[in-house]
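Written below as structure tokens is the structure these notes are about.
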Amino acid sequence: MFKIGSRTIKTAIGAPISIVLANALQLENAISAAILTILCIQVTRQRSIQSAWYRFYACVIAILVSGLLFELIGYNPIVFGLVLIIFIPITVRLQITEGVVTSSVIMLHIYGAGQLTFSLVANEIILISIGLGVALLLNMYMPSLDSELVKIRNQLEDNFAIILQEIANYLKTGDYHWSGQEITETAQLLEKANQLASRDVENHLLRRHHPFYHYFHMREKQFDILERMLPLISRIDASQDEYHYIGQLFEDLASHVHPGNTAVKYLDSLKEIRQQFNEEPLPHDRQTFEDRANLYLLLNEIEQYLILKRSFKKSDI
């Protein structure tokens, strides 16, 4: 069973409404209003408004350019090609190229009429207004993405907890039986989350702060840090008890992965671990020296991980 999205439904509703309105006003080429509506139904409110403006702007320019050239040179196919040669570079310069298709429809109306009159221009402007207006009204409704964003957030936090727990297990026991599949899953989840959060940002025209967008951006940076930790972990011979207390920190972090901010508490714990780490006897062989160096780098990385969380302000996510 295939899924019908809200954009498809709005297009199916908007196109016939535009035709009905254009016919009610007895406009010429009424079906073109449906074309404008179909083209302006976008995935976000912001894109819809932007698309409508670009198309309206481009259509007005198209009326001026085509009307002038048709009246001066003549109504024939060669002149229509000349109109396109002039009009398209203008849209490129003004960065409104998505209005080329709809403007071409308007130019063909003028070409088909064989003359430029006030009533024809008025007809086209009203036609454009109906098509774009219906699309804008329908796009004022956008389904909420909050439930999907919350679901991804929960999946991300579960994966973060698993990754941190696996690091803790290795540092405490030296055993390593993890497949690492959560790394791949997390990368995919972050990509999807950023796409959805960006869409949601564009659906809230007046809201400057978007908690989900900032949250996933923070988690993406933390994930980069986790990925940097793994090579360090793999180079440590974690068979000694002296790494147990560091592993306990990771275990505590794994059991407290959530949107709330507990970073300050763990930064204090990390400070105590550093002091204990620095008080340990100096290494007497190369392997121990390398392990200590990698552990030191690991502590630096987890500090950055916690600082990122501390800087994030939870706001209704």
Odd one out for residue 172 among (1) surrounded by 14 or more Cβ atoms within 10 Å (Cβ to Cβ); (2) under 30 Å from residue 244 (Cα atoms); (3) within 33 Å of the chain's Cα centre (by Cα); (4) not β-branched (Val, Ile, Thr): (3)
Considering residues of the range 1-13 that are open to solvent by 70 Å² or more (accessible area, probe 1.4 Å), part of a loop (DSSP other than H, G, I, E, B) and not basic (Lys, Arg) only, the residue farthest from residue 119 (Cα to Cα): 1
Enumeration of residues in the range 68-83 that are over 10 Å from residue 111 (Cβ atoms) and in contact (Cβ under 8 Å) with a residue 40 or more places away in the chain: 71
Single condition residue 146 does not satisfy, out of (1) of a type in the set (Asp, Glu); (2) in contact with a helix residue (DSSP H, G or I) (Cβ under 7 Å, 6 or more places away or on another chain); (3) modelled with pLDDT under 90: (2)
Any chance residue 226 is assigned to a helix (DSSP H, G or I), touching a residue at least 60 places away in the same chain (Cβ under 8 Å) and within 30 Å of residue 200 (Cβ to Cβ): yes
Extreme residue, nearest to residue 112 (Cα to Cα), among residues of the range 44-99 that are surrounded by fewer than 15 Cβ atoms within 10 Å (Cβ to Cβ) and of a type in the set (D, E, K, R): 71
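Hey, any hits in the range 53-63 for a residue that's closer than 30 Å to residue 144 by Cα and of a type outside the set (A, V, I, L, M, F, W, C)? Talk me through it step by step, then tell me what you get.
Going through the range 53-63, the residues closer than 30 Å to residue 144 by Cα turn out to be 53-56.
Right, trim to of a type outside the set (A, V, I, L, M, F, W, C) and you get 54-55.
The answer is yes, given that some residue of the range 53-63 is closer than 30 Å to residue 144 by Cα and of a type outside the set (A, V, I, L, M, F, W, C).
For the range 35-43, does any single residue satisfy the condition of being in a helix (DSSP H, G or I), open to solvent by less than 30 Å² (accessible area, probe 1.4 Å) and among the aliphatic types (A, V, I, L, M)? Before you say what the answer is, go through the steps one by one.
Going through the range 35-43, the residues in a helix (DSSP H, G or I) turn out to be 35-40.
Add one more test, that the residue is open to solvent by less than 30 Å² (accessible area, probe 1.4 Å), and what stays is 36-37, 40.
If we keep only those that are among the aliphatic types (A, V, I, L, M) as well, we get 36.
Yes.
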Total residues in the range 234-255, condition at pLDDT below 80, part of a helix (DSSP H, G or I), open to solvent by 10 Å² or more (accessible area, probe 1.4 Å) and not acidic (Asp, Glu): 3
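Can you tell me which residue is surrounded by the fewest Cβ atoms within 10 Å (Cβ to Cβ) among those in the range 100-116 that are among the small types (Gly, Ala, Ser) and part of a helix (DSSP H, G or I)? Lay out the reasoning, then the answer.
First, pick out the residues of the range 100-116 that are among the small types (Gly, Ala, Ser): 103-104, 112-114.
In the following step, the residues that additionally are part of a helix (DSSP H, G or I) were identified as 103-104, 112-113.
Numbers: 103: 29, 104: 19, 112: 10, 113: 17.
Per the criteria, the residue is 112.
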Condition met for residue 220 (open to solvent by less than 80 Å² (accessible area, probe 1.4 Å), over 24 Å from residue 157 (Cβ atoms) and in a helix (DSSP H, G or I)): no
Matching residues in the range 14-34 - criterion: being open to solvent by 80 Å² or more (accessible area, probe 1.4 Å) and either closer than 22 Å to residue 98 by Cβ or touching a strand residue (DSSP E or B) at 6+ places or on another chain (Cβ under 7 Å) (or both): 31
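The values are calculated or read from the model by the stated rules, or taken from the named source; none is laboratory data. Only a predicted model underlies this, so the values are computations on that prediction, with no experimental measurement involved. Reconstructed Cβ throughout: ideal geometry from the backbone, glycine too, with neighbour counts over all protein chains shown. Note: accessible area is taken over every heavy atom of the protein model, side chains too, but ligands, DNA and RNA are not part of it. Shrake-Rupley method; radii C 1.70, N 1.55, O 1.52, S 1.80 Å.
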